[in-house]
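Here the structure comes first, spelled out in structure tokens, and everything after it is commentary.
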Amino acid sequence: MKDLVRTTADRAARYLASLQERSVAPTPEALANLARLDEPFPEHPTDAAKVIALLDEIGSPATIASAGGRFFGFVVGGSLPATVAASSLAAAWDQNAGIVALSPIAARLEEVAMRWLLDVLGLPPAAGVGFVTCATQANFSALAAARHALLARRGWNVETEGLFGAPPITVVVGEEVHVSVLKALTLVGLGRERVIRVPVDGQGRMRADALPPLDDDTLVCLQAGNVNTGAFDPAGDIIPRAKAVGAWVHVDGAFGLWAAAAPARARLVQAYAAADSWAIDAHKWLNVPYDSGIVIVRDPRDLYAAMAVNAPYLVIGETREPEHYTPEFSRRARGIEVWAALRSLGRTGLADLIERTCRHATRFADGLREAGYEILNDVVINQVLVSFGDAELTRRVIAGVQADGTCWAGGTVWQGRTAMRISVSSWATTEDDVERSLAAMLRVAAEVQATAVR
């Protein structure tokens, strides 16, 4: 075991060191080589070292280099060094983080990490927190808590009676609601087509003047950080109106809520602290390994009521039991990596990570605009949308950038316009990475335009 762990760590270190020079996207040869893994189920055991060697030799070249500094697709962070190491140690510990009796260390680190999170995000210090897989699960858990609270006011116990015959809940979302919220609404039985969609402005922000009438049977879902533009719904206008009539306000803040950690950006999210629940991802801007999401609910009793169940064989103590705040019983101890990220960065390091990536995004926008290309969004955090002309030209530039391999950015359609989306989310991105990537984008765009002219 000792030799295996050592050699695997060496392989991982070599892989990470190679990211600076290799193509961000895997080569066609590397992808074709994956066919070697499609073999019949072995009849006999294989030495573990040979298994890892096969995995590294075939698998490593076929990865997307999202752990490096020049991946700008989706909103995917890298993994901080301390979190990679913590994840490896946690894997060796093999802890089941469901209950304290199975992992006192995981439970204690979750408590510390949740306290630090609530502090740095400016959220209520007594809120309930659950460490889940992703923002979709965080949204699901928060909406389950909202469903409990709204129906309990009407005397309905949804956890025991279900939704058959339950009083209706009105759900209000923006036209730019993220699909993870719609999926979560599906999972909690509220339906993704029964929602009231509120019109948005040119940046994707919900228009407060277009809100429908709200009451204490209403669930309002706001967005902190539009996945295309990075824009924030006007929480300062909407939340007071919702709270005045007893509506529940949920915030999908998968990556945008991390802006609270950067003093220069905190004003963007300050008003969101008055909401009732929040969903965030740690594997995005906090840069911990996949998978890692966090649900936060102002009144922990609502999250507990929606999630907690028990059985005689479980050893339940008097302290906070992690399984009572998440959908899962058994789960990996992902709170260890969140703790490691926060412990290694500290307040100033986290602020620098957020602010630095935002500056990189601004540099992309400025460089592309100076070259004559249209930036479609106000660059308020780490998201940039650029058009290289009509839809066909833009699609060709995106494909060319991805094939070039210097960097990787994806495509989107924003309010009818085809665009390349640049998301700067990784601690590993340097100024040199930005300049190399910007030069590649401009070179590819010029080549595509020159071809189009012919």
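Summary of computed values
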quantity	calculated
Pairs, first basic (K, R) in the stretch 42-57, second at pLDDT below 95, C-beta under 9 Å, six or more apart	none
The one condition in (1) open to solvent by 10 Å² or more (accessible area, probe 1.4 Å); (2) closer than 16 Å to F72 by Cα; (3) part of a strand (DSSP E or B) that T362 fails to fulfil	(3)
Odd one out for V444 among (1) of a type in the set (V, I, T); (2) crowded, with 21+ Cβ neighbours inside 10 Å; (3) under 21 Å from the mean Cα position of the chain (by Cα)	(3)
Complete set of residues in the stretch 232-241 that are free of Cβ contacts under 8 Å to residues at least 60 places away in the same chain and crowded, with 24+ Cβ neighbours inside 10 Å	D233, A235, I238
Residue ID - farthest from V84 (Cα to Cα), chosen from residues in the stretch 335-350 that are open to solvent by less than 10 Å² (accessible area, probe 1.4 Å) and touching a Pro at 6+ places or on another chain (Cβ under 9 Å)	G335
Residue in the stretch 120-131 that is on the phi > 0 side of the Ramachandran plot, open to solvent by 40 Å² or more (accessible area, probe 1.4 Å) and out of contact with any strand residue (DSSP E or B) (no Cβ under 7 Å at 6 or more places or on another chain) present	yes
Count - residues of the stretch 274-304 that are out of contact with any Phe, Trp or Tyr (no Cβ under 8 Å at 6 or more places or on another chain) and open to solvent by 30 Å² or more (accessible area, probe 1.4 Å)	6
Selection status of A91, of a type in the set (A, V, I, L, M, F, W, C) and open to solvent by 40 Å² or more (accessible area, probe 1.4 Å)	yes
Any chance V188 is closer than 23 Å to A210 by Cβ, β-branched (V, I, T) and either surrounded by 13 or more Cβ atoms within 10 Å (Cβ to Cβ) or touching a Leu at 6+ places or on another chain (Cβ under 9 Å) (or both)	no
Any hit, the stretch 161-184, residues being over 28 Å from V380 (Cα atoms), open to solvent by less than 60 Å² (accessible area, probe 1.4 Å) and either aromatic (F, W, Y) or part of a helix (DSSP H, G or I) (or both)	no
Verdict on R332 being open to solvent by 30 Å² or more (accessible area, probe 1.4 Å) and closer than 30 Å to N96 by Cα	yes
Members of the stretch 78-134 that are of a type in the set (S, T, N, Q) and either out of contact with any Ser or Thr (no Cβ under 6 Å at 6 or more places or on another chain) or at pLDDT below 95 (or both)	S79, T83, S87, S88, S103, T133
Yes/no for I99 being surrounded by fewer than 17 Cβ atoms within 10 Å (Cβ to Cβ), touching a residue at least 12 places away in the same chain (Cβ under 8 Å) and of a type in the set (V, I, T)	no
Residue that is nearest to S87 (Cα to Cα) [pool: residues in the stretch 102-119 that are open to solvent by 30 Å² or more (accessible area, probe 1.4 Å) and more than 19 Å from the chain's Cα centre (by Cα)]	I105
Residue match in the stretch 406-415 (condition: closer than 19 Å to V227 by Cβ, free of Cβ contacts under 8 Å to residues at least 40 places away in the same chain and touching a helix residue (DSSP H, G or I) at 6+ places or on another chain (Cβ under 7 Å))	yes
Filter result for the condition that a residue is open to solvent by less than 90 Å² (accessible area, probe 1.4 Å), part of a helix (DSSP H, G or I), touching a Pro at 6+ places or on another chain (Cβ under 7 Å) and modelled with pLDDT of 95 or more, over A53, A30, A49	A30
Residues of the stretch 13-27 classified as open to solvent by 100 Å² or more (accessible area, probe 1.4 Å) and part of a helix (DSSP H, G or I), total	1
Test: residue in the stretch 369-384 that is touching a residue at least 40 places away in the same chain (Cβ under 8 Å) and basic (K, R)	no
Per-region count, the stretch 212-231, residues under 24 Å from A145 (Cα atoms) and open to solvent by 20 Å² or more (accessible area, probe 1.4 Å)	6
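The values are calculated or read from the model by the stated rules, or taken from the named source; none is laboratory data. No experiment lies behind these values; they were computed from the predicted model shown. Ideal geometry is used to build each Cβ from the backbone, glycine not excepted, and the neighbour counts take in all protein chains shown. With ligands, DNA and RNA removed, areas are computed over all heavy atoms of the protein, side chains included. Shrake-Rupley method; radii C 1.70, N 1.55, O 1.52, S 1.80 Å.
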